[in-house]
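Asks: Handing you this structure, nothing more for now.
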Amino acid sequence: MLLPQYCLFCGLTSNTALPLCRDCRRELPLNQPCCERCALPLARHSARFCGRCLAQKAPPFDRVIAPYRYDPQLALLIQRWKYQPLPRLGLLAASLWQDAVPEPPPVDVLVAVPLHWRKLLRRGFNQSGQFSELLYRRHPALGDKCLARRLLRRQRATAVQAGLDAAARQRNLHGAFTLRGRCDNLRVAVVDDVMTTGATASELARCLKAGGAREVQLWCLARTPAPAN
Ligand SMILES: [Zn+2]
Ligand SMILES: [Zn+2]
């Protein structure tokens, strides 16, 4: 961390311990206003929920915390971090989350979205796993929580989600996760890098609630806008 860091976005010396300069950091798009349940970016401050959450009687997850909008800058950071597991990129993601969410909502346990073992072997690291470790270790408000590293298992390698619509994503993920233990009456935060359609969050929430969880939140760095159709 003593080496000079260059800003991921503008390429200039960042003048901080992280690869992002203060000017570029200020320009990152905060996800406000957004749906109070699923964090979908909303156009107006007057609405509390998006149309889909209003229509759903009992959505599988209770709340999504996604402080930034997934714009080209955030996409660049998340893609780099996925394929080059440099510690400074993970630290940057954790620092951005911590800045935007100084007081996370109360939960009992953090878990990461698991990768299938074959994918983990190929890629060498799980970005969501690293993100959950960093939040857990570095966020002052999370030190007394519990990090459940082995609670969730991905039992099936699923097809790549990109390019699938919401219904196809849901089918693709059905039964993909299993629990290794119970989580009776616990409030669980599932940690991931980005939320797109919510198919993964829904499937994980169903799995955790079947295992006894009282509440399931998804905590991620960024949220994609609604599809344009
Ligand atoms: Zn910059
Ligand atoms: Zn919503």
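Asks: With only Lys, Arg, Asp and Glu charged, each at its Cβ (+1 for the first two, -1 for the last two), find how big the charge dipole of the chain is about the Cα centre; round to the nearest 20 debye.
Replies: 740
Asks: Tell me, what are the semi-axes, in whole angstrom and largest first, of the equivalent ellipsoid of the stretch 1-105 as set by the roots of 5 times the Cα gyration tensor eigenvalues?
Replies: Here the semi-axes work out to 31, 14, 12 Å.
Asks: By per-residue mean of other Cβ atoms within 10 Å, what is the highest-first order of 84-95, 210-221?
Replies: My ranking of the peptides, most packed first, is 210-221, 84-95.
Asks: Summarise the long-distance tail of P(r) for the chain by giving the % of C-alpha pairs beyond 30 Å.
Replies: The share of Cα pairs beyond 30 Å in the chain comes to 22 percent.
Asks: Now for a different question. With no solvent and one point per C-alpha, what does the Debye sum give as log10 I(q)/I(0) for the stretch 114-229 at q = 0.17 Å⁻¹?
Replies: For the stretch 114-229 at q = 0.17 Å⁻¹, log10 I(q)/I(0) is -0.92.
Asks: How far, in degrees from 0 to 90, does helix 87-100 lean away from the longest principal axis of the Cα atoms of the chain, to the nearest 10?
Replies: For helix 87-100, the angle is close to 70 degrees.
Asks: Can you give me the long-range amide H partners of Val191? Hydrogens built in the peptide plane at 1.01 Å from N, cutoff under 5 Å, separation of 5 or more residues or another chain.
Replies: Val111, Ala112, Val113, Trp219
Asks: Considering the stretch 44-154, what Rg and Dmax in Å follow from its alpha-carbon atoms?
Replies: Values for the stretch 44-154 (Cα only, Rg and Dmax): 15.8, 46 Å.
Asks: Using the Cβ atoms and a cut-off under 15 Å, what net charge is assigned to the surroundings of Gly51, where Lys and Arg are +1 and Asp and Glu are -1? Provide the component values of the computation, followed by the final result.
Replies: Details: positive: Arg37, Arg44, Arg48, Arg52, Lys57; negative: Glu36.
Its environment carries a net charge of +4.
Asks: Of the peptides 66-76, 98-108, how do they stack up when ordered by the mean number of other Cβ atoms within 10 Å, highest first?
Replies: Result, highest mean first: 66-76, 98-108.
Asks: Starting from the Cα of Asp144, move 7 Å in the Cα-to-Cβ direction to define the label point; list residues of the stretch 175-193 whose amide nitrogen is under 16 Å from there.
Replies: 187
Asks: Can you give the FRET efficiency to the nearest 0.05 for Ala166 and Ala210, using r as the Cβ-Cβ distance and R₀ = 22 Å?
Replies: 0.55
Taken together, the values in this text are just the output of simple stated rules run on the coordinates, not laboratory data. The model shown is predicted, which means the values in this text are computed figures rather than measured ones. Note that we place each Cβ from the backbone using ideal geometry, even for glycine, and neighbour counts take in every protein chain shown.
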